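Single-structure report; data block below.
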Amino acid sequence: MIDTILPSGVAAAELRAYPPDLKAHPGEEHLIAKAVEKRRRDFIGARHCAREALTQLGEPAVAIGKGEMGAPVWPRGVVGSLTHCDGYRAAALAHRLRFRSVGIDAEPHASLPDGVLDSVSLPVEREWLSAALPGTELHLDRLLFCAKEATYKAWYPLTARWLGFEDAHITFTVDAEGTDGGAGTFHSDLLIPGHTTDGGAPLRTFDGRWLIADGLILTAIVEG
């Protein structure tokens, strides 16, 4: 599903069912040696997807390390993003010569737990939700959270800096909506200085796409 909200040139792979024989890459086992089983399965599954995406790009299916803040360390010349939630793991990768950054996120299509929304949203975003939620069956509060996560994942590789939930204002368009899903775009206005470490233009905004289907919310940003 994730490939439907990604542009041409981005390779993606996903797992819905976890293969019983799937094991950690030997070069990654030390990163999860003390992790609980759920954490191991998420780590192994997402990186398995990443190696499938690397193969699609014509790159070797190598071990993928972990850097500061837990971000994956990609092979030279590759950018990408990982995500996982209950019942789903995915990766999206691209060549750096074509795209600056990729950020994806997946969440269950369900409301946020009580008390979470105020800590992950701006007042103007909560005002939008108050107006939009009564007329839809979509869990737009969780969609907002999912878009914030994709925004951070696209931001961090280019800035090496934290981006708080309060540091991006996200607005949405709805292109399609049904009783069990929908699709559209979103726009992230970055509210803190966006100077980057790659020598490129400072970041001011991101534009992304979202999809709700099969009980999942998916968001993706690909910065050109």
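Any read-out appearing in this document is the output of simple, stated calculations on the displayed coordinates, not a laboratory observation. This one's a predicted model, so the numbers in the text were calculated from it and none came from an experiment. Cβ: placed from backbone, ideal geometry, glycine included. Neighbour counts: every protein chain shown.
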To two decimal places, what compactness ratio does the chain give when its Cα radius of gyration is scaled by 2.2 N^0.38 Å? 1.00
Rounded to the nearest 20 debye, what is the charge dipole size of the chain about its Cα centre when +1 sits on each Lys and Arg Cβ and -1 on each Asp and Glu Cβ? 980
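For region 98-160, report the translational diffusion coefficient in µm²/s to the nearest whole number, using Stokes-Einstein at 10 °C, 1.306 mPa s, and a Kirkwood Rh over Cα pairs.
Values: Rh = 12.9 Å.
Estimated diffusion coefficient is 123 µm²/s.
Let me have the 222 nm mean residue ellipticity of the chain computed from DSSP H runs of 4+ only, each contributing -39500 (n - 2.57), with the sum over all residues rounded to the nearest 500.
Details: 4 runs with 54 residues, N = 224.
Calculated mean residue ellipticity at 222 nm is -7500 deg cm²/dmol.
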Taking max minus min of the Cα coordinates of region 99-224 on each principal axis, largest first, gives extents in Å of 45, 27, 20
Relative to the chain, whose Cα atoms define the longest principal axis, helix 140-159 and its Cα axis are tilted in degrees, nearest 10, by 50
For 60-69, 82-91, ranked highest to lowest by mean beta-carbon neighbours within 10 Å, the order is 82-91, 60-69
Would you mind computing, in nm to one decimal, how far apart the modelled labels at V124 and H169 are, each placed 7 Å from Cα along Cα→Cβ? 0.1
Taking amide H atoms as placed 1.01 Å from N in the peptide plane, list the residues 5 or more away in sequence, or in a different chain, whose amide H sits under 5 Å from that of K66. V73
What FRET efficiency comes out for the pair A71/D189, r = Cβ-Cβ distance, R0 = 41 Å, nearest 0.05? 0.95
The chain: angle of helix 37-56 to the longest principal axis, Cα-based, in degrees nearest 10: 80
Rounded to one decimal in nm, the spacing of the 7 Å Cα→Cβ label points at D3 and K38 is 3.0
Just name one of H30, L190, M1: the one whose Cα is farthest towards the positive end of the charge dipole of the chain (beta-carbon charges, Lys/Arg +1, Asp/Glu -1). H30
